[in-house]
Amino acid sequence: MAVAVPVAAAAASPLLAWRDPVYIAAGFAGVVAMELLLFQPLLASGWLPGLSGQRGRRVHRWVGGLLVLAVVIHVMGLWVTSPPDVIDALLFASPTPFSAWGVIAMWAVFASALLALLRRRLRPRHWRRAHTALAAVIVVGSVVHAILIEGTMEIASKIVLCALVVAATVVVIARLRIWAARAR
Amino acid sequence: MTKALMTRRSFLAATGALVATGPAGLVVPARAERVAPTPSMRGGANNYLPGAPIVERIGGGGFWMTGTVRRAGDGAPLSGQRIQIWAHTTEGNERDPWSHGATLTDANGEFRLEMPQIVPAFGQPHGHLAYDSGDFKTVFLRPVMASSADTSLSADFVLEPA
């Protein structure tokens, strides 16, 4: 439900009629990225049925890779559609406040992926805290970015998806006690 | 019984206010009303294509871009000034040449150009306007519609000599 409804609602957006395919693809890459964000904390915690423990972690890594891909498609598609607007956003010189939130979240996604690749060189506690902190930045940045935008996402489904993403992240961080001093 | 013109308290308050505002430049000598030039807006020049032709209307119309052009300083209306307009509309995106057009201000310094309905792009329903004709300093504006259901948008220019 949480996955199908936002995509279907965005697919019904009247704005699509007035956009080029590349711009439409960029928008949907953003919607898909937000949905992947909902799965990440649930996979990390192993709470999804059939995806507990190591299996959940492995899927979490793959979904993380897809998330990087979705963000790259999102930004590249926008770049092709209007280069100066994307340059403004990347330089934090955009007139639209949501751009900065999106760019911060993008860098946090890239940093998170890089950190995951270097994971074995880090102490487990440092890795957990750094990765979780980046995840929090990604979630907050992405949600503010999406909420402030008037785009193809339908309002109600957008708010519900964003609320679910925030709730899942907060609950998992709290339950896993990532900031607890003891090693896990 | 008449009231004192100025009590000690009001004298102190007035003096304090003068001391507080004087150095900040808020107290100015009496002179003709000054109209400040309009600064360019962030992102205003994005997807600008110089030399948009003067047109009766852009595309099929149905949406109105309006505004005024005045001179900095005395605020006098400027007639015959060329204003270039472009936006993401129902008929094309900002980079499409057919999304661009220009119009001239009338004797009252007002302009009015019909264009296709502006639709939200890059997160906001917005238009772009440029004054870029040389006699005055170039100004790029990027007004945002209060609602994407609006069928008009306005922007005002105050230009200073180049």
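The values are calculated or read from the model by the stated rules, or taken from the named source; none is laboratory data. Since the model is a prediction, treat every value here as computed from it, not as a measurement. Every residue, glycine as well, gets a Cβ built from its backbone with ideal geometry; the counts of neighbours run over all protein chains shown. Side chains are part of the model used for accessible areas, which takes the heavy atoms of the whole protein and leaves out ligands, DNA and RNA. Shrake-Rupley method; radii C 1.70, N 1.55, O 1.52, S 1.80 Å.
Side notes on the structure shown:
- Count of region B:104-122 residues, restricted to those that are crowded, with 23+ Cβ neighbours inside 10 Å and away from every other protein chain (no Cβ under 12 Å), is 3.
- Yes/no for residue B:65 being within 14 Å of chain A (Cβ to nearest Cβ), under 20 Å from the mean Cα position of the chain (by Cα) and either open to solvent by less than 60 Å² (accessible area, probe 1.4 Å) or under 13 Å from residue B:129 (Cα atoms) (or both): no
- Given (1) within 14 Å of another protein chain (Cβ to nearest Cβ); (2) surrounded by fewer than 17 Cβ atoms within 10 Å (Cβ to Cβ); (3) part of a helix (DSSP H, G or I), index of the condition residue A:126 fails: (1)
The rows are residues; the columns are (1) crowded, with 22+ Cβ neighbours inside 10 Å; (2) under 30 Å from residue B:99 (Cα atoms); (3) not charged (D, E, K, R).
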{"site": "A:1", "(1), (2), (3)": "no, no, yes"}
{"site": "A:5", "(1), (2), (3)": "no, no, yes"}
{"site": "A:9", "(1), (2), (3)": "no, yes, yes"}
{"site": "A:16", "(1), (2), (3)": "no, yes, yes"}
{"site": "A:24", "(1), (2), (3)": "no, yes, yes"}
{"site": "A:31", "(1), (2), (3)": "yes, yes, yes"}
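- Any chance residue A:43 is touching a Ser or Thr at 6+ places or on another chain (Cβ under 9 Å), more than 14 Å from chain B (Cβ to nearest Cβ) and surrounded by 19 or more Cβ atoms within 10 Å (Cβ to Cβ): no
- Yes/no for residue B:125 being within 14 Å of another protein chain (Cβ to nearest Cβ) and over 20 Å from residue B:56 (Cβ atoms): yes
Table: residues versus (1) within 30 Å of residue A:14 (Cα to Cα); (2) in a helix (DSSP H, G or I); (3) open to solvent by 60 Å² or more (accessible area, probe 1.4 Å).
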{"residue": "A:131", "(1), (2), (3)": "no, yes, no"}
{"residue": "A:134", "(1), (2), (3)": "no, yes, no"}
{"residue": "A:145", "(1), (2), (3)": "yes, yes, no"}
{"residue": "A:152", "(1), (2), (3)": "yes, no, no"}
{"residue": "A:162", "(1), (2), (3)": "yes, yes, no"}
{"residue": "A:165", "(1), (2), (3)": "yes, yes, no"}
{"residue": "A:173", "(1), (2), (3)": "no, yes, no"}
{"residue": "A:178", "(1), (2), (3)": "no, no, no"}
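- The set of residues from region A:110-123 being assigned to a helix (DSSP H, G or I) and within 21 Å of residue A:138 (Cβ to Cβ) comprises A:110, A:111, A:112, A:113, A:114, A:115, A:116, A:117, A:119.
- Residue B:80 being more than 13 Å from every other protein chain (Cβ to nearest Cβ), open to solvent by less than 20 Å² (accessible area, probe 1.4 Å) and more than 28 Å from residue A:13 (Cβ to Cβ): no
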